[in-house]
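What follows is a short report on a single structure.
The values are calculated or read from the model by the stated rules, or taken from the named source; none is laboratory data. Treat the numbers as computed from the prediction; the structure is a model and nothing was measured. Cβ coordinates were reconstructed from backbone atoms using ideal geometry, including for glycine residues, and neighbour counts include every protein chain displayed. These area figures cover heavy atoms from the full protein model, side chains too; ligands, DNA and RNA do not enter into them. Shrake-Rupley method; radii C 1.70, N 1.55, O 1.52, S 1.80 Å.
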Amino acid sequence: ETGVTQSPTHLIKTRGQQVTLRCSSQSGHNTVSWYQQALGQGPQFIFQYYREEENGRGNFPPRFSGLQFPNYSSELNVNALELDDSALYLCASSLGSGGYADTQYFGPGTRLTVL
Amino acid sequence: ILNVEQSPQSLHVQEGDSTNFTCSFPSSNFYALHWYRWETAKSPEALFVMTLNGDEKKKGRISATLNTKEGYSYLYIKGSQPEDSATYLCAFPPTGANNLFFGTGTRLTVIP
């Protein structure tokens, strides 16, 4: 059991709406990363936060934004939802500061469907 | 262009068989290679993080090897069991940070 939880499990939204997904990292894990997994693909890196500051970003538009809180929780916000945003969203926490050899511990994901 | 290829995409094996699959990644600017096991409806589970050429890691019946010069890693499962059925993902950080670039995985089904 990784100890990383995500809510909600499933979510249905319509185009143009905004959504907030939540993640609770393992205690003591200062780094959280978010990934998007579209159907048939591997998880794709969205961004990473370390001690509440963005610490790296993948090839996603600014309407994808995040927050990390001191209590090891974090949020992924997506504005102006598009049909292609339908995917499984995973968060992962790690103990270190985001180093390339840090093990990432994943949550079970939130399945977002945009209609 | 970043590319991680995993092969085969899927395979079915009988319980007790041993199996292996491949992860190919860019060999230039190598930092690390991560392996994950992802069972349906569960969280991806970290198996190994490998950083050195020639690394060999083992966890129970699962082991992995790494060749950074030619850009591949093999994952081996000895004596497959039904509980080994999962998608096995490899990932590498294209920069010195921890933003992992994943392959599409190998889906293993072990038939009792």
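Brief remarks on what is shown
- Point-charge dipole on Cβ atoms (K/R +1, D/E -1) for the protein assembly as shown, about Cα centre, debye to 20: 120 debye
- Ranking by accessible area, most exposed first, for A:Arg22, B:Arg37, A:Arg15, B:Arg61 with a 1.4 Å probe: A:Arg15, A:Arg22, B:Arg61, B:Arg37
- In this assembly, the B-A interface accounts for approximately 1600 Å² of buried accessible surface in total, computed with a 1.4 Å probe and without ligands, DNA or RNA.
- Mean projected area in nm² (Cα convex hull; one quarter of hull surface) for the protein assembly as shown: 12.0 nm²
- Accessible area per residue (1.4 Å probe, heavy atoms of protein chains only) ranks B:Glu45, B:Glu83 as B:Glu83, B:Glu45, with the largest value leading.
- Here the translational diffusion coefficient of region B:38-112 follows from Stokes-Einstein with Rh set to the Kirkwood radius across Cα pairs; for 37 °C and 0.692 mPa s it amounts to 242 µm²/s.
- Across chain B, the mean sequence separation of Cα contacts (distance under 8 Å, 6 or more residues apart), normalised by length, yields a relative contact order of 37 percent.
- For A:Asn55, nonlocal amide neighbours, meaning residues 5 or more places apart or on other chains whose placed amide H falls under 5 Å from its own, are A:Gln48, A:Tyr49, A:Tyr50.
- With the gyration tensor restricted to C-alpha atoms of chain A, the semi-axes of the equivalent ellipsoid amount to 22, 14, 13 Å, longest first.
- Between region B:9-78 and region A:75-115, the alpha-carbon center distance in angstrom: 23 Å
- Projecting the Cα atoms of A:Gln68, B:Gly16, B:Trp35 onto the charge dipole of the protein assembly as shown (Cβ charges, centred on the Cα centre) puts A:Gln68 farthest toward the positive pole.
- Among B:Ser43, B:Ser27, B:Ser63: highest mean-square fluctuation, GNM of chain B, C-alpha pairs under 10 Å: B:Ser43
- The charge dipole of chain A, taken about its Cα centre with unit charges on the Cβ of Lys, Arg, Asp and Glu (plus for the first two, minus for the last two), comes to roughly 220 debye.
- Note on chain A: with a GNM built from Cα contacts shorter than 10 Å, the maximum mean-square fluctuation among A:Ala101, A:Ala87, A:Ala38 falls on A:Ala101.
- With all protein chains in place and ligands, DNA and RNA left out, the 1.4 Å accessible area ranks B:Asp55, B:Asp17 as B:Asp17, B:Asp55, largest first.
- Given charges at Cβ of Lys, Arg, Asp, Glu: the protein assembly as shown dipole, positive-most of A:Gly16, B:Ile111, A:Thr31: A:Gly16
- Per residue, the accessible area of chain A comes to 47 Å², computed with a 1.4 Å probe over protein heavy atoms only.
- Per the Kirkwood formula applied to alpha carbons, region B:1-89 shows a radius of gyration over Rh ratio, Rg over Rh, of 0.96.
- Region B:61-112 - percent relative contact order, Cα under 8 Å, separation 6 or more: 31 percent
- Using the 1.4 Å probe convention, the accessible area of chain B works out to 48 Å² per residue with neighbouring protein chains retained.
- Carbon plus sulfur fraction of accessible area for the protein assembly as shown, probe 1.4 Å, in percent: 47 percent
- Peptide B:37-44, shielding by other chains (average Cβ, 10 Å cutoff): 5
- Relative contact order computed over chain A (Cα-Cα under 8 Å; 6+ residues apart), in percent: 37 percent
- Shape parameters for region A:35-98, alpha-carbon atoms, Rg then Dmax in Å: 12.1, 35
- Cβ-derived FRET efficiency at R0 22 Å, A:Arg57 paired with B:Tyr31, nearest 0.05: 0.75
- For region A:1-62, the orientation-averaged shadow of the C-alpha convex hull comes to 5.6 nm² (one quarter of the hull surface).
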